[in-house]
There are 4 protein chains.
Amino acid sequence: MSSEQLRFGLIGTGRIGKVHAASIAALPETVLTWVVDPHLAGAERIAAEHGASASAEPRRAFDSGEIDAVIVASPTSTHAGLIAEAIEAKIPILCEKPIDLDIERVDELAPMVEESDVPFAVGFNRRFDRSFAAARERLLAGDVGDLEQLMIISRDPAPPTIENLRTTGGMFRDQTIHDFDMARFFAPDIVEVFATGSQMFDEGAAELSDFDTATVLMRTAGGAQITIVNSRHSAIGYDQRIEVFGGRGMLEVGNAGTSLLRYSNSSAVQAGAPFQHFFLERYAEAYVDELREFCKLVRGEASRCSTFADGREALVLANAAGLSAREGRAVKIDRGA
Amino acid sequence: MSSEQLRFGLIGTGRIGKVHAASIAALPETVLTWVVDPHLAGAERIAAEHGASASAEPRRAFDSGEIDAVIVASPTSTHAGLIAEAIEAKIPILCEKPIDLDIERVDELAPMVEESDVPFAVGFNRRFDRSFAAARERLLAGDVGDLEQLMIISRDPAPPTIENLRTTGGMFRDQTIHDFDMARFFAPDIVEVFATGSQMFDEGAAELSDFDTATVLMRTAGGAQITIVNSRHSAIGYDQRIEVFGGRGMLEVGNAGTSLLRYSNSSAVQAGAPFQHFFLERYAEAYVDELREFCKLVRGEASRCSTFADGREALVLANAAGLSAREGRAVKIDRGA
Amino acid sequence: MSSEQLRFGLIGTGRIGKVHAASIAALPETVLTWVVDPHLAGAERIAAEHGASASAEPRRAFDSGEIDAVIVASPTSTHAGLIAEAIEAKIPILCEKPIDLDIERVDELAPMVEESDVPFAVGFNRRFDRSFAAARERLLAGDVGDLEQLMIISRDPAPPTIENLRTTGGMFRDQTIHDFDMARFFAPDIVEVFATGSQMFDEGAAELSDFDTATVLMRTAGGAQITIVNSRHSAIGYDQRIEVFGGRGMLEVGNAGTSLLRYSNSSAVQAGAPFQHFFLERYAEAYVDELREFCKLVRGEASRCSTFADGREALVLANAAGLSAREGRAVKIDRGA
Amino acid sequence: MSSEQLRFGLIGTGRIGKVHAASIAALPETVLTWVVDPHLAGAERIAAEHGASASAEPRRAFDSGEIDAVIVASPTSTHAGLIAEAIEAKIPILCEKPIDLDIERVDELAPMVEESDVPFAVGFNRRFDRSFAAARERLLAGDVGDLEQLMIISRDPAPPTIENLRTTGGMFRDQTIHDFDMARFFAPDIVEVFATGSQMFDEGAAELSDFDTATVLMRTAGGAQITIVNSRHSAIGYDQRIEVFGGRGMLEVGNAGTSLLRYSNSSAVQAGAPFQHFFLERYAEAYVDELREFCKLVRGEASRCSTFADGREALVLANAAGLSAREGRAVKIDRGA
């Protein structure tokens, strides 16, 4: 272990926890020292792979003196408590989205996070996708003129199980929240939200009065229009695209293929293989870049990490979308709320 | 002139009138015999090119005994009167969209059109675009499963002059009306409309309190979601795309290129030439196909032409969009209205 | 008939003759006045469509005083005689490729053509394809630096009948000759030819000891390398592509699609419709542009038409390819031969 | 170190040696135990990163009892000696291409390799590229019918230094040898080679009477035609494409992009970022897959690794290409030679 390496604790060893463990291993500047999960066997397995210690108790990691930062990848309901604990322990935090499903709880937490000088980042991984980031840079550079219309298409390959669905807080706070953050990445000043949701195919969504298909239309203060198109399924693979339109041109980020091979015959030409399956494949590189940026934040350097406020704003938009879908009207965003 | 040829009168010799004159010349089964325009010189020029007679008076053409059908391509305000006149004269009508800007006037006209047996079609040219039509056929064939989400992107290359803008009845009834019809082409049972419009770049639109940038979100009775994205300008050329998404796959119609050449160098790869400029280029073939289908209608054969009701429904959606944009709420479509 | 229109005689009413008749009709500046074919009924049918006179005898057209130019689209074996006749009659000639299958006959004809001031063009239609022409312009403009490698892929949808094959003079002088001219369009100074041919699928080619599959590799004086890849069949449609490679970049002309629709499902994405079927579709616009350029030649204006020497050079390369394929060695091009 | 892990010695720590070290680290089933390079500091650096031992002497690794297999990634001139040494030591070998520049030396080595039962593989990494491998599988599955024409386009981003060039044995044995193997991957029975080379831009190549630009045309016993297009530079990035053409269709493997972003404005549309830079990026995954397959070979399982004979055949084709380019004639491949 190099003296310059940042030592990480990881809380939560589910799918996204494993992604972070792999990213920590992939970066020379980071090392995994503690793995925490109430399901101790899971923690021990990951710990063994990385020569780290394991515990069912976050406190053990915070008190170990062996972690320079923590990644919170446990269930959403535990985030707020862990954030508070980490801040008290002065351990920098990279917290998976969302901070919490309840905006009041987020607002309670806000002063603590803001008043402390403990580095804090929310894990909006897509901001670190190099194609999305390059699109934003070209927008800021004026390559398409001012933003007039932004389209975000975001469809998961298949719906979550109903057990998972129960914990998500609904489609807008679970799936769309990534797209709300992406919208803010390109257009930070959103002032109005209209949303509609449908139950088209997923019995779980229907049972929970949730949606499986949603479209959101938002406006910025300057009148730019943002459309988010979501579905809980996609036969063609993970559908993750954006279009940035302005008076001088357009930027498009397309889907990621799994093969360079195209097939043509007498009935169809240049047919490619289905797109990448899901976020583990599509954003593998982005997660590593996110971690790299978080290390900069920890070291006090300039960083592209999402802030607590970013996490809060995405939740505000998600809540507004939920209200809009229920009431069939555009909802104004009150930044003071 | 073959005895089987249908003899056409053309009323209006502006840009779209000239397109129809060219289509009539292109089809072996049609011939142009009368050209009418209050601006007589314009009528005479087109008439001379096609060996037709010219007049400033529609009545001359209707009474000539030399036309088997009429294309109404004059300003919108004249449509209703010409339709009534043609129906009285038992002359089949292909009327450019919209029938009228005023839904009440359309509703007054409706019984006359419906009770007569004079063939009537509204000129929604895009339905005849072969790529859009093929997409719809594949949707109906079940290739993508049931429709869940439809996206229509439709951007003109440049805004109309303010003089033209004054006569359009606003962006929704002028530009978006094509997209409302395209939406109904794929999803006839739209029950709800939410729309938003902005003034982003066009002084004419601002002066007239019209929009230059608009997005519309609609729902069908079954919960399918339809998004229309409009702009009055597009640096990249005429932007006319659709995406049809269902549980089994996706159909995409892309923009039409002007060249098969792509250029690559050390800073960019596979850069193509800008897309086709505008509807004259993009839909040239569609206009001919529309005319061919109208000839079938005139002959009493099965035809894909848009009906009076199609023309009315698109206007209903446009009006609902206008109301929605003003009031910031979703507007229900009352089919009985 | 306008006094400025050029009056055309057309000799030969087969597939390519009909293309020229359509082009003459499409251009306002040209009119078809005489149609000649020993199969008189064919000539009469085309003549009737265009209000022209018909004959089985070329002489009738040459002597009519009613043609300002002639298009020779009859079988290759008749070209040389008709060219001589037209030159004597001082009628400008657009002659389909090849001038003749026999280089000696071409060389006999050469002085007559060159010494006369009767405009003469060889119908290498592909030079007028706008994408190929734009590629060449960009090469000449230096956009890819000096030409280093050129690839021409050219595959017909299906082999000719054996009856047609018998008259072609073999694959190199029939199919590849277009590609030899295209090679010279980009790289006029070819000095060496190596060719190989195979009998892979076509019984007619096998019976006639001809090829159905061929590849040709050539060099320019400066060392640039040119590859031509030919096949007599192509399941995916007419395969007509080029790649122009230089030190600064690459120009690619791809195949022409028949639809803007792409289909994606769980097994393949963005599958398009097969490419255009054959030259009638792919080069329809090019034939009109060729005719337009030929009109300029007739009028004494600067013109992009291929010359007699171009026709001869393509045949020289085709003959060299034949010799190379037989002897398995590179053949030097002796420009003095 | 797991008891199931294969322990690797690595000989050579240049660019390609580092790729192998990274692959060994990436695979859970492999571990690097010895690193050898006469430039001891280089060996020690890599060894330190992986917890391996370092030496300037291959013998030290062979005799250590700590390696289960060796990767030979040292200069070509050392390959034959190291292979012999490894075989004597009964250490399975993965040897970078080419086995040797001298076919006689290869032939001397052949009996030793073939008579021993020590697993031996030649490092033709491109066979393990998943897109190329999938193309071959689809060819074998009959998706395009029998192979009729194969095109391999292979251009490096920039020429080697003249110092490196001196050791390569010329373009055909250095660069094209990969493409000869790729040709054999799709068409094992090549019987004839014609090649041409030029000095177009690289002073080093000119000084050494080598080529910087080459095209090779080959035939199989069945008449299928194979074209290889090579350049020592490519402004657009590493150009690595194939096209597999048969009677039923076509398979194309395109270049690998570095971004999903495309940019459109009023002068060009859908311009992408330049392609991946070179083999380290393009074939990173292929090197890992190659190593995985080599592990299977070592364990006596079915493996897709290239054999000694594959290495020899590619060299035979390279030599034939050199002879052909010198003599300007097709060279027959005598498999008995």
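The values are calculated or read from the model by the stated rules, or taken from the named source; none is laboratory data. Since we're looking at a predicted model, the values are computed, not measured. No Cβ is skipped: glycine too gets one built from the backbone with ideal geometry, and neighbour counts run over all protein chains shown. With ligands, DNA and RNA removed, areas are computed over all heavy atoms of the protein, side chains included. Shrake-Rupley method; radii C 1.70, N 1.55, O 1.52, S 1.80 Å.
Evaluation of A:L147 against the conditions (1) under 25 Å from A:W34 (Cα atoms); (2) in contact with a helix residue (DSSP H, G or I) (Cβ under 8 Å, 6 or more places away or on another chain); (3) not polar (S, T, N, Q) shows that the sole unmet condition is (1).
The combined condition, being touching a helix residue (DSSP H, G or I) at 6+ places or on another chain (Cβ under 9 Å), crowded, with 23+ Cβ neighbours inside 10 Å, away from chain C (no Cβ under 14 Å) and over 16 Å from B:H178 (Cβ atoms), is fulfilled by B:A325. Just the residues that are part of a loop (DSSP other than H, G, I, E, B) and without any contact (Cβ under 8 Å) to a residue 12 or more places away in the chain, please, taken from the range C:122-167. Answer for the range C:122-167, where residues must be part of a loop (DSSP other than H, G, I, E, B) and without any contact (Cβ under 8 Å) to a residue 12 or more places away in the chain: just C:A141.
Which of the residues spanning the range D:170-190 are touching a helix residue (DSSP H, G or I) at 6+ places or on another chain (Cβ under 7 Å) and of a type outside the set (D, E)?
Within the range D:170-190, D:G170, D:F172, D:R173, D:T176, D:I177, D:H178, D:F180, D:M182, D:R184, D:F185, D:F186, D:I190 meet the criteria.
Evaluated against (1) among the small types (G, A, S); (2) assigned to a helix (DSSP H, G or I); (3) open to solvent by less than 30 Å² (accessible area, probe 1.4 Å), D:G9 falls short on exactly one condition, (2).
Scan the range A:84-102 for residues that are within 17 Å of the chain's Cα centre (by Cα) and either outside the structural domain of A:H20 (by the TED database) or not in a loop (DSSP other than H, G, I, E, B) (or both) and the total you get is 4. Total residues in the range A:257-266 satisfying the condition of being open to solvent by 20 Å² or more (accessible area, probe 1.4 Å) and at the interface with another protein chain (Cβ under 7 Å from one of its Cβ atoms): the figure is 6.
So which residues in the range B:242-251 are more than 7 Å from chain C (Cβ to nearest Cβ) and open to solvent by 20 Å² or more (accessible area, probe 1.4 Å), if there are any at all? If you could, list the steps in order and put the result at the bottom.
Of the range B:242-251, the ones more than 7 Å from chain C (Cβ to nearest Cβ) are B:242-247.
Of everything in the range B:242-251, those that are more than 7 Å from chain C (Cβ to nearest Cβ) and open to solvent by 20 Å² or more (accessible area, probe 1.4 Å) turn out to be B:E243, B:G247.
Only one of D:E290, D:E301 is free of Cβ contacts under 8 Å to residues at least 40 places away in the same chain and away from every other protein chain (no Cβ under 14 Å); which?
D:E301
Contact map, the range A:25-45: first residue under 17 Å from A:V70 (Cβ atoms) and touching a residue at least 40 places away in the same chain (Cβ under 8 Å), second residue hydroxyl-bearing (S, T, Y) and in a helix (DSSP H, G or I), Cβ cut-off under 9 Å, separation 6 or more or different chains; pairs are A:T30/A:S23. When the range B:184-201 is filtered for residues that are farther than 27 Å from D:S266 by Cβ and open to solvent by 20 Å² or more (accessible area, probe 1.4 Å), the ones remaining, listed by number, are B:R184, B:P188, B:D189, B:V191, B:E192. Taken as a whole, the structure places A:G254 among residues that are under 20 Å from the mean Cα position of the chain (by Cα) and open to solvent by 20 Å² or more (accessible area, probe 1.4 Å).
If you check C:R138 against the conditions, is it surrounded by fewer than 23 Cβ atoms within 10 Å (Cβ to Cβ), over 24 Å from C:V298 (Cβ atoms) and within 14 Å of chain B (Cβ to nearest Cβ)? Yes, satisfied. A:S3 passes every criterion in (1) hydroxyl-bearing (S, T, Y); (2) at pLDDT 95 or above; (3) open to solvent by 20 Å² or more (accessible area, probe 1.4 Å) apart from (2).
With respect to the conditions (1) away from chain A (no Cβ under 13 Å); (2) charged (D, E, K, R); (3) surrounded by fewer than 24 Cβ atoms within 10 Å (Cβ to Cβ), B:D181 falls short on a single one, namely (3).
Mind listing whichever residues of the range B:103-121 are open to solvent by 10 Å² or more (accessible area, probe 1.4 Å) and in a strand (DSSP E or B)? If the condition is that a residue be open to solvent by 10 Å² or more (accessible area, probe 1.4 Å) and in a strand (DSSP E or B), then B:F120 is the only one that fits.
For B:F211, the test of being crowded, with 22+ Cβ neighbours inside 10 Å, of a type in the set (F, W, Y) and closer than 19 Å to A:G246 by Cα is passed. Among the residues of the range B:273-283, is any open to solvent by less than 30 Å² (accessible area, probe 1.4 Å), within 14 Å of chain C (Cβ to nearest Cβ), not charged (D, E, K, R) and not in a loop (DSSP other than H, G, I, E, B)? Yes, the range B:273-283 contains at least one residue that is open to solvent by less than 30 Å² (accessible area, probe 1.4 Å), within 14 Å of chain C (Cβ to nearest Cβ), not charged (D, E, K, R) and not in a loop (DSSP other than H, G, I, E, B). Of all the residues in the range D:52-75, those that are open to solvent by 70 Å² or more (accessible area, probe 1.4 Å) and in contact with a Ser or Thr (Cβ under 9 Å, 6 or more places away or on another chain) number 3. Can B:H79 be described as open to solvent by less than 50 Å² (accessible area, probe 1.4 Å) and either out of contact with any helix residue (DSSP H, G or I) (no Cβ under 6 Å at 6 or more places or on another chain) or in contact (Cβ under 8 Å) with a residue 12 or more places away in the chain (or both)? Yes; evaluated as a whole, the condition is true for this residue.
Hey, among C:A21, C:A47, C:A41, which residue is touching a helix residue (DSSP H, G or I) at 6+ places or on another chain (Cβ under 6 Å) and surrounded by fewer than 24 Cβ atoms within 10 Å (Cβ to Cβ)? Can you show your working first?
Details: C:A47 fails: touching a helix residue (DSSP H, G or I) at 6+ places or on another chain (Cβ under 6 Å); C:A41 fails: touching a helix residue (DSSP H, G or I) at 6+ places or on another chain (Cβ under 6 Å).
That would be C:A21, the only listed residue that is touching a helix residue (DSSP H, G or I) at 6+ places or on another chain (Cβ under 6 Å) and surrounded by fewer than 24 Cβ atoms within 10 Å (Cβ to Cβ).
Residues of the range B:50-67 include none that is closer than 19 Å to B:C305 by Cα, assigned by the TED database to the domain that holds B:E108 and of a type in the set (A, V, I, L, M). Residues that are over 16 Å from the mean Cα position of the chain (by Cα), open to solvent by 30 Å² or more (accessible area, probe 1.4 Å) and under 30 Å from B:S266 (Cα atoms) occur at least once in the range C:146-164.
Out of the residues in the range B:190-216 that are touching a residue at least 24 places away in the same chain (Cβ under 8 Å) and under 19 Å from the mean Cα position of the chain (by Cα), which is farthest from the other protein chains (Cβ to nearest Cβ)? By that ranking, first place goes to B:I190.
Hey, can you tell me all the residues within the range C:115-124 that are touching a helix residue (DSSP H, G or I) at 6+ places or on another chain (Cβ under 7 Å) and of a type outside the set (A, V, I, L, M)?
C:S116, C:P119, C:F120, C:G123, C:F124
Just checking, does the range B:56-77 include any residue being in a helix (DSSP H, G or I), over 25 Å from B:T167 (Cα atoms), of a type in the set (A, V, I, L, M, F, W, C) and modelled with pLDDT under 95? No: zero hits. Among the residues making up the range D:239-272, those that are of a type in the set (G, A, S), over 30 Å from A:L140 (Cβ atoms) and either without any contact (Cβ under 8 Å) to a residue 12 or more places away in the chain or assigned to a loop (DSSP other than H, G, I, E, B) (or both) are D:G247, D:G254.
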